[in-house]
Amino acid sequence: MVSSGSGNRFGHPAPDTLQAWIDTGAQVVRTDQFGDVAIVRSGDGSLGFATRRDMLGSS
């Protein structure tokens, strides 16, 4: 999970860093793209994420 504001002046997250994470197979979830993000545990114990957009049913 990457917490960053949309259009932040620092350019975070750095494109090279994002690509390195993606190259390792990580699922990258960014607050500047998804809004609020929560880590959730399903009934079988696996972890996932939910966004405010998911919870509100908006696109």
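Values in this text are rule-based calculations from the coordinates and carry no lab data. Note that the structure is predicted; figures quoted are calculated from it, not measured. Neighbour counts are summed over all protein chains in view; Cβ atoms, including those assigned to glycine, are modelled from backbone coordinates with ideal geometry.
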Burial ranking of peptide ranges 32-41, 17-26 (average Cβ count within 10 Å, highest at the top):
32-41, 17-26
Equivalent ellipsoid semi-axes, the stretch 15-56, via Cα gyration tensor eigenvalues times 5, rooted, Å
22, 16, 5
How large is the charge dipole for the stretch 15-56, taken about the Cα centre, if only the Cβ atoms of Lys, Arg (+1) and Asp, Glu (-1) carry charge, to the nearest 20 debye?
160 debye
